[in-house]
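A short worksheet on the structure shown next.
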């Protein structure tokens, strides 16, 4: 847990500002500081889910399903029955109805419909012959009636326009919901939309999966499960508040001074903790957020270049154009024209470019 060093006095208390942080106790009775409700609500508003693919996986008693490594995070939600998810160097994950598991990118795994967490030797070690989540509408394994049914898929989720929510995840997230959360119905609806292949099915399924992820994020306010501590942004409330401001209002003329003052940290403490949470400086991440926001606005083709520049926090069109060119390799006008030519295809490669090209 981050130390509360470098905090400077505020003119009003956090409670007065509606920003009181959530304080829980771990099993040892030590305090666990969590992001405030207000700041989490801001972050939730900026969450964007794309590239959703889902399959219903049905396993008969005793069956095993080797799941291939995926470039994106994968989601596994137990609809009915019981079994296990097995990953190398991880404690077996028990599956019961309403259990949600998020597996980091690049991890092979095996799903078993067994009473004990055992899998065939070398199961899931190689991708050859392994199942890829979302590659088919329904995937069945074994003979007889299924004793374990899951929704398995892959997705990409970003905070704001630039930050991959699960980029730093190295171990699975496991959270158990209940029937009152109604996630079964939400996921079933998402799978039905994808299976129908009708107009708008992709955006609708992405919106529905966003509902699932929002339910998971809301749990971070009260959950004492270890997965919450793996997200630096969720376990360091002042840094979460600063990022929420940047992501929700990229057009505001943020500075290190204004952000550190707003969250009650000294400049040096703010810089150190922000870099620890995100792996880059506040202004570097702010530029990424702004450029991704600009790219989305240009692709939408609803505003002039000057208006896009203002929305991205730039008063000068020439300064905006220079920065945009460094990130995307083309002028805003050319980027817009290319986006219009590929109107019915994804413009996500820009996101890859923004990760590889950091403005100085």
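The values are calculated or read from the model by the stated rules, or taken from the named source; none is laboratory data. Keep in mind that what you see is a predicted model, and the values were worked out from it rather than measured. Heads up, the Cβs are rebuilt from the backbone with ideal geometry, glycines too, and the neighbour counts pull from every protein chain shown.
Within the stretch 177-188, no residue satisfies the criterion of being in contact with a helix residue (DSSP H, G or I) (Cβ under 6 Å, 6 or more places away or on another chain) and loosely packed, with under 14 Cβ neighbours inside 10 Å.
Among the conditions (1) part of a loop (DSSP other than H, G, I, E, B); (2) at pLDDT 95 or above, residue 302 misses just one, which is (2). Residue 193 falls short on exactly one of the conditions (1) closer than 20 Å to residue 219 by Cβ; (2) in contact with a helix residue (DSSP H, G or I) (Cβ under 8 Å, 6 or more places away or on another chain), and that condition is (1). When the stretch 194-215 is filtered for residues that are over 18 Å from the mean Cα position of the chain (by Cα) and part of a helix (DSSP H, G or I), the ones remaining, listed by number, are 194, 195, 196, 201.
All conditions but one from (1) within 23 Å of residue 45 (Cα to Cα); (2) outside the structural domain of residue 329 (by TED's automatic domain parsing) apply to residue 276; the one that does not is (1). In this structure, residue 5 does not satisfy being farther than 15 Å from residue 238 by Cβ and either at pLDDT 95 or above or surrounded by fewer than 17 Cβ atoms within 10 Å (Cβ to Cβ) (or both). Taking the numbered list (1) over 16 Å from residue 55 (Cα atoms); (2) touching a helix residue (DSSP H, G or I) at 6+ places or on another chain (Cβ under 9 Å) in turn, residue 199 passes all entries but (2).
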